[in-house]
Amino acid sequence: MQRYDAIVIGGGLVGSAIAYGLVRARLRVTLVDEGDMAFRASRGNFGLVWVQSKGDGAPDYQRWTRRSADQWPRLAAELENKTGIPVGHERPGGVHLCLDEPELEARHALMERMRVQSGNLGFDYRMIDRRELSDMLPGLGPTVNGASWTPYDGHANPLNLLHALHKGFTGNGGHYLPNSTVTEAAAAPGDFRIRLAAGEIGAPKVVLAAGLGNADLAPHFGLSAPVKPLKGQILITERAQHVLPMPITRIRQTVEGSIMLGDSQEDAGFDTSQGPTVMQAIARRAVLSFPWLRDLQIVRAWAALRVMPPDGPPIYDQSERFPGAFSANCHSGVTLAATHANVLAPMFADGALDPELELFSAKRFDVSATA
């Protein structure tokens, strides 16, 4: 049996960022990656590093998200320096377009709630009228009547990010096990054994970061991960001249010039098929926002499954029954990559979660405990 200091189960963006942070803390780590047979959100991600709409009613989540967005430039520069892979991070701020007055009023109310809930941290936002927005975004459609803007938002290339995290992990001495599925697990405090088809591995620490797979894995380690799938569909246009200077909630131009159009939120179980009705709705809103988009060809489309906790914010826990077993569950693998690598991984390495993360525990779903 191969022994390590820590085992990370899940090779998507969440697990890879944590594994990268653990090897950076000089732990001997193995990363168990089921591969593309998994319901992986990482390869279907829209690529936003987004703050402005996350954390309404959950100010701790707003602060955690802001913290990650602030640390993203450091992570992007470090990964490119270590691996030579540019992750395409830009932080010009971002906008959410509103197509009618009720949408604009609702968005303004959301932004103001988040400002109030932010407390001393503060939350800078602006509601932008159509005249100013037309100067910012060329070719705006006539139905767009305003937008919200914050300076915190940005975007990145999620595939390059995943590649860079994997390369940075192995470059720092991490052991990567691709196409590996956990077939059996044995847990004791500070002693965890994982059975794979290729053999058994063990470590005093284990991190469950297997996305939707955590729901089944967690009980073996005295943990709870009540996550469910939420389908999102995305359309990709042919490459075009760069015209969008910043990301928009549902529209993002990549470094290469392609324009990504999204996104849907569908409670469809584990179905990853694409539906013409939803695709038409995505395209229609995009063309209402920018009529010139109708002249571009759609060259690719896909659906992927978000990893959704019941109330939206992440779930981070250490097992009380089996100390040394941790779980990380969230739907914002790109946005939270920086805090996962720079903040959460060092906590796992030290063997304890900071009290600031107590509100992210799955205990919040235990009605008897919160009554």
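To the nearest ten degrees, helix 158-171 and the longest principal axis of the Cα atoms of the chain are 30 degrees apart.
About its Cα centre, how strong a charge dipole does the range 1-138 have in debye, to the nearest 20, once Lys and Arg get +1 and Asp and Glu get -1 at the Cβ?
Taking the Cα centre of the range 1-138 as origin, the dipole is about 720 debye.
Rounded to the nearest 20 debye, the dipole magnitude of the range 84-230 is 460 debye, with +1 charges on Lys and Arg beta carbons, -1 on Asp and Glu beta carbons, and the Cα centre as origin. Quote the Stokes-Einstein diffusion coefficient, in whole µm² s⁻¹, for the chain, based on the Kirkwood radius over alpha carbon pairs, a temperature of 37 °C and a viscosity of 0.692 mPa s. Here the translational diffusion coefficient equals 154 µm²/s. Each of His96, His220 has its accessible area taken with a 1.4 Å probe; listed largest first, they run His220, His96.
Surface composition of the chain: carbon plus sulfur atoms hold 50% of the accessible area, using a 1.4 angstrom probe and ignoring ligands, DNA and RNA. When nucleic acids and ligands are ignored and a 1.4 Å probe is applied, Glu200 ends up with an accessible area of around 60 Å². Gyration tensor over the Cα atoms of the range 1-81: the corresponding equivalent ellipsoid has semi-axes (square roots of 5 times the eigenvalues, largest first) of 26, 17, 13 Å. Rolling a 1.4 Å probe over the protein chains gives Lys363 an accessible area of about 110 Å². Contact order, relative form, for the range 1-101: 17 percent (alpha carbon pairs under 8 Å, 6 or more residues apart, mean separation divided by residue count).
In the context of the full set of protein chains, residues of the chain present 43 Å² of accessible surface per residue (probe radius 1.4 Å, heavy atoms only). Using only Cα atoms, tell me the angle between helix 13-24 and the longest principal axis of the chain; keep it within 0 to 90° and round to the nearest 10. Orientation of helix 13-24: about 50 degrees from the principal axis. Taking max minus min of the alpha-carbon positions on each principal axis, the range 80-239 gives extents of 63, 36, 34 Å, largest first.
For the chain, what is the percent of antiparallel DSSP beta bridges, rounded to the nearest 5? Antiparallel bridges make up about 75 percent of those DSSP assigns within the chain.
What whole number of Å gives the distance from the Cα centroid of the range 56-110 to the Cα centroid of the range 310-330? So the two Cα centres are separated by 24 Å.
In the calculated pair distance distribution of the range 265-321, what percentage of Cα-Cα distances lie above 14 Å?
Counting every Cα pair in the range 265-321, those more than 14 Å apart make up 70 percent.
Dividing the helix sum by the residues of the chain, where each DSSP H run of 4 or more adds -39500 (n - 2.57), gives a mean residue ellipticity at 222 nm of -8500 deg cm²/dmol. Give me the angle, in degrees from 0 to 90, between the Cα long axis of helix 101-117 and the longest principal axis of the Cα atoms of the chain, rounded to the nearest 10. Approximately 40 degrees, to the nearest ten.
The values are calculated or read from the model by the stated rules, or taken from the named source; none is laboratory data. Note that the coordinates shown come from a computational prediction; the quantities given were computed from them, not determined experimentally. Don't worry about glycine lacking a Cβ; one is built from the backbone with ideal geometry, like all the others, and counts go over all protein chains shown. Surface accessibility is based on the protein's heavy atoms, side chains included, excluding ligands, DNA and RNA. Shrake-Rupley method; radii C 1.70, N 1.55, O 1.52, S 1.80 Å.
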